[in-house]
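Input: a single structure, listed below in structure tokens.
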Ligand code: OGA
Ligand code: MN
């Protein structure tokens, strides 16, 4: 296996690994590389299927599952987040649809599931279909900054903010929002961005505790983009992202598959 750095402060690629065979040596290697680099793109995983993707993710912690499935959803395996521009039939969705608008939210810098009570450990996003151009994913290393909120897996301090954050405990709402906006503007200056240009078979993993990321535009009306994401928590039970205490009642009534 070969490791190459992709940015001065974080992000590396791992070449020659096979996530379909998560033996103890590979798991230990990925844990070590993630604590150092915070973003690790495992190249050439185009042979993986959804179940192998989920099994690999489970090697690193309990999964955070998406919300309950809606009627008829079966294009991708339950357990993976659908990060695509496609409908159930695999066709390009209407750019005015609710799903399309929801995906646009990914174009704001964020850490996945930062609105849950426990921070998500990692996300593992697998390329199934890529558009022929654009649609990069941008990453920011929050350890490269002075303000201190969390200690990351590397032992270095990191700032934990993102577009899901909307208020600061102990500050009034306007004051908190202004502080968050200032921190976000500082963190996301163009020179701090690592732009991941997707290659077929890529499976980047990122640490949601010390990096933030965003999707970027591509020609949604013209090209398919099908990415699938597994999310791993630090500890606890495998669970669904939608806490029981929030969400419409209909969610609570739906059965977990
Ligand atoms: C995600 C995400 C960005 C992208 O899957 O969590 O934010 O480029 N994706 O699709
Ligand atoms: Mn995301």
**Study point:** Packing-based order for 2-13, 196-207, using average beta carbon neighbours within 10 Å, highest first
**Key:** 196-207, 2-13
Review point. Computed over the Cα atoms of the range 17-151, what is the ratio Rg over Rh, Rh following Kirkwood?
Key: 0.95
Practice item. Pull out the extension gain between residue 174 and residue 98, defined as 0.36 nm times the separation in residues minus the alpha carbon to alpha carbon distance; nm, one decimal. Key: 24.4 nm
**Study point:** Sorted by Cβ neighbour density within 10 Å, fewest at the top, the residues 172, 87
**Key:** 172, 87
Check your understanding: If we restrict to alpha carbons, what Rg and Dmax does the range 178-220 come to, in Å?
Key -> 13.1, 40
Study note, to complete from the structure: Across 10 Å bins beginning at 0, the whole-percent shares of Cα-Cα pair distances in the range 52-100 come to 22, 47, 25, 6
**Study point:** C-alpha center-to-center spacing [the range 60-84, the range 10-37] in angstrom
**Key:** 24 Å
Exercise for review: Kindly rank 107-118, 62-73 from highest to lowest mean number of other beta carbons found within 10 Å of each residue.
Suggested key: 107-118, 62-73
Review point. Arranged by the count of other C-beta atoms within 10 angstrom, fewest first, what order do 180, 14 take?
Key: 180, 14
Review point. P(r) of the range 10-81 in 5 Å steps, Cα pairs, percent per bin?
Key: 3, 14, 22, 24, 18, 10, 6, 3, 0
Check your understanding: At what distance in nm do the modelled label points of residue 70 and residue 238 sit from each other, each positioned 7 Å from its Cα along Cα→Cβ?
Key -> 2.4 nm
Practice item. Evaluate 2.2 N^0.38 Å with N set to the residue count of the range 91-147, then give the Cα radius of gyration divided by it. Key: 1.43
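Values quoted throughout were computed directly from the atomic coordinates according to the rules given, and no laboratory measurement underlies them. For clarity, every value in this text was computed on a predicted model and none was experimentally measured. Virtual Cβ from ideal backbone geometry, glycine too; neighbours counted across all protein chains shown.
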